[in-house]
Amino acid sequence: MMTGQSPDSAFTFLSQGAIIQEFLVADQNIVLGFPSAEFYKSHNAPYFGETIGRTTNRVKNAQLKLNGKTYQLEANDGPNCLHGGGRGWGKQDFEGPTPVNRHGKEGVKFTYLSRDGDEGYPGTVLCTVWYVAGMEDGKTVLDVEYQVEFVGDECEETVVGVTNHRYINPLHGTTFTSSPDCIHSPSTAPILDLQVFALCKVSNTPPSPPVISTSTPPPPQSTAQPSPSTQPTTSPSTPPQSPPAK
C-alpha cells in the first residue's frame with residue numbers, strides 16, 4: 001500500500017497488470033474491483049484497474065498490417081482483438097511494485113517486457129508504469145505515467161497503445177467533472193485529482209459497428225456530471241456481474 005500524503009487516503013496495487021486495486025478517499029475505496037488478488041485472475045472480465053496493452057480497444061479482424069506484412073492477433077472479441085488479446089498486459093505479471101521517488105513525490109514503478117510475438121504483436125517492447133501520489137490544492141492526486149521502449153530488433157516498427165481500465169465510483173455527495181486529461185472533484189474535503197499522462201494524447205473517436213474506432217475525432221464537447229452514487233460492495237463468494245467490455 002502507498003499513502004497519499006493525507007491521513008485518509010492510500011493506494012493498493014497488484015503485480016498482475018499493474019492493477020489499481022484500491023484508491024482510498026475519506027477511508028473509502030473509489031475504484032471498483034475485488035477484495036482479493038485471486039479474483040482478478042478468475043473473474044476480471046471487466047478489466048478492473050488493469051494496464052491495457054499492447055493495444056487498447058479493438059483491432060479490426062485481429063490483424064495488423066505493417067511494412068507490407070500482416071500479423072495475425074488473437075481474436076478474443078468476435079472477429080476482433082480486444083485490449084491486446086485474451087492474455088494482454090492486464091493479465092500478465094509485472095515486475096513490481098518497486099518504491100520510487102519521482103518528481104519529489106512518493107511513488108511505485110512497474111515494468112513488463114513484452115517479447116516479439118506476444119499475442120501476435122511484432123517486436124520486443126519494455127513497458128514502464130509509474131504511480132505517483134501527492135497533494136495539490138488540498139486534493140489527493142495520483143499521477144499515472146507510461147513509457148514504452150522499443151528494445152528489440154526483430155522488426156522495424158510495431159504498434160502500442162496503453163491505458164488504465166479503472167472504474168471510478170464517486171463518493172456519496174461528491175460530483176466529478178472530467179476532461180481527456182483528468183478527473184477531478186471540487187470539494188471542501190480532500191478528494192482526488194486523477195491525472196493520466198501517456199505517450200501521446202488521443203481524442204475520442206466515434207465507433208463504427210462492431211465498436212471499431214474510426215480515424216476522425218469529433219469536436220470536443222463538455223462532459224455532463226454523473227449523479228452521485230453510493231459505493232457498491234463485493235463479496236469473495238459473489239463476484240460482481242461483468243459489465244459489457246469497453
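Bear in mind these aren't lab numbers, they're just calculated from the coordinates by the rules spelled out. What you see is a predicted model, and the numbers here were worked out from it, not measured in a lab. Positions of Cβ are backbone-derived with ideal geometry, glycine not excepted, and every protein chain shown enters the neighbour counts.
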Exercise. Which whole-number value in Å³ per residue fits the convex hull of the alpha carbons of region 35-101?
Worked result: 126
Seminar exercise, completed: For 11-23, 67-79, 38-50, ranked highest to lowest by mean beta-carbon neighbours within 10 Å, the order is 11-23, 38-50, 67-79
Problem set entry | Relative exposure of 127, 81, judged by other C-beta atoms within 10 Å (fewest first) | 127, 81
